[in-house]
Amino acid sequence: MARKKTANGAAQDISTATTSTDSIPSPPSPDRPPGPLSLPPLPGPREVVKVNNYSTTELKNACDDAVKRYLSRPELFQQNHQHTDVRLALGWLSVFVAGGTGLYGYKVEFEQSKPVVWVGLILYMLLTFTQTLYSYFIEGDIVFVGKRKTFSKRIITERITLSSRTIPVSSSSSNSTPITPPQYSLSLSYVRSTSANKSLLAKGKTQARAPYSRFFDAEGGMDGDAFERWVGEVVEEGMGGLPASKES
Amino acid sequence: MFTEELKAFRRLGFRHVLLQALNFASVIASGLMIWKGLGLITNSESPIVVVLSGSMEPAFYRGDLLFLTNPAAERYHNGDITVYKVPGADIPIVHRVLETHDGKSRGSSPVVQRLLTKGDNNEVNDIELYRGLDYLERKHIVGKVRGFLPYIGYVTIAMNDFPQLKYALLGGLGLLALVQRE
């Protein structure tokens, strides 16, 4: 369990998680744009999310979707869809190349079609390979990339990137160590600067983890409020300001 | 059963639907490309075929899966089991080569041969099946049988005799790919 070193009382000091890198202290409150916790929850009943409790994939996907929904509210960040779009573009292009090659091979007699089918096959393999490399190296664990521009005395641009992964159940060799349930690990990197990135105002990296059992009940229903509160705390900590509470 | 998934789609937006559809489409695309790649490597139009008739018993029975290759530079000999397609006929036939008459290799084709075939379980050779031709040429040969798997071909036969099975399988696969997220 990561333990956070809390600052000595003052709200201006940054509290850093044990895994965070250096953070630049943020300026006094008037310059700091509102964080997600300061926003009231959306009116109306929340849509119930129900997943299979035994599948960590479904749990992680539900949490990732909730993060995206929460942080892309109009008052908060605007989501940058670049990673998704690249994956969609490469993927659909390879599908069309495959379809075209298949159609050509069907219409034209085998011996004559060979050169074109070779070209199509090589193109398809290149596209698939590129997509795999992009997903693995460039996209990695990232689930949300967002940007926000606020205006208070000067235009403040904020950039935030969140990545998540599941920490699986740890098997312990000795009987004395308790087995930890699967946990959701959220990592966040945050940059705040003035317009055109001329001067850096704040920068932070945070990491937090919480067991899935904190947000999902026995039937698999998700407690959206608790999850959003937790995410809000992590984001606020990354933005600099409120110290995050220790996780259970 | 689908209300949960439909709600999820509406909630997660258009990009998500595209991503899930991409999952399904890329499975189909990769299967197609593997098939085409196999065809190119083996130089055969259809490198895996199913035996439909009993004309090659006791070597091959109906429902056997056959693996073919068709190297352009290799000459075929008496006794080779080949799959050929007569121009004008839909289905390829798998029979044994009875006679070969070799010619000198010309510019475009490395191997020039004329072949006569006959099924092991048939009384007469295949001249009747050639639709007017007196012999087969190399360009009619789909490939030579290199190996086989018994019984597996019955799945294809079933799907051809009952097309509903094919659509049911495809539909099931599609559904699975659309609602699952890797």
> Can you give the direction-averaged projected area of the convex hull of the alpha-carbon atoms in region B:37-182, in nm²?
Replying inline: 11.2
> Sorted by accessible area with a 1.4 angstrom probe, largest first, how do B:TYR76, A:TYR54 fall?
Replying inline: A:TYR54, B:TYR76
> At a 1.4 Å probe, what is the % contribution of carbon and sulfur to the accessible area of region A:44-196?
Replying inline: 62
> Length gain on complete extension for the stretch B:VAL112 to B:GLN180, per 0.36 nm per residue less the alpha carbon to alpha carbon distance?
Replying inline: 19.2 nm
>> Just to be sure I understand: if you take the accessible area of chain B alone plus chain A alone and subtract the pair, with a 1.4 Å probe, what total do you get in Å², rounded to 100?
In response: 2500
> In region A:61-137, which GluC sites (Glu not before Pro) fall in coil by DSSP and have 14 or fewer other Cβ atoms within 10 Å?
Replying inline: A:GLU75, A:GLU109
> Considering every pair of different Cα atoms, what Kirkwood radius, in Å, is found for region A:85-135?
Replying inline: 11.3
>> Show me the GluC sites (Glu not before Pro) within region B:101-143 that DSSP assigns to loop and that have at most 14 other Cβ atoms within 10 Å of their Cβ.
In response: B:GLU123
> How far is it, in nm, from the label point at B:HIS101 to the one at B:ILE41 when both lie 7 Å from their Cα along the line to the Cβ?
Replying inline: 3.7
> Top to bottom by accessible area (1.4 Å), largest first, where do B:LEU98, A:LEU162 land?
Replying inline: B:LEU98, A:LEU162
> Between B:ASP120 and B:ASP90, what is the FRET efficiency for a Förster distance of 25 Å, r being their Cβ-Cβ separation, to the nearest 0.05?
Replying inline: 0.65
>> Please identify the DSSP H helices in chain B that span no less than 27 Å along the helix axis (Cα) and have a mean Kyte-Doolittle hydropathy of 1.0 or more.
In response: B:14-42
>> Longer than 25 Å from Cα to Cα, which of A:LYS149/A:LYS205; B:LYS36/B:LYS85; A:LYS114/B:LYS166; A:LYS68/A:LYS205 are they? Say none if no pair is.
In response: A:LYS114/B:LYS166
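The values are calculated or read from the model by the stated rules, or taken from the named source; none is laboratory data. For clarity, every value in this text was computed on a predicted model and none was experimentally measured. Note that we place each Cβ from the backbone using ideal geometry, even for glycine, and neighbour counts take in every protein chain shown. With ligands, DNA and RNA removed, areas are computed over all heavy atoms of the protein, side chains included. Shrake-Rupley method; radii C 1.70, N 1.55, O 1.52, S 1.80 Å.
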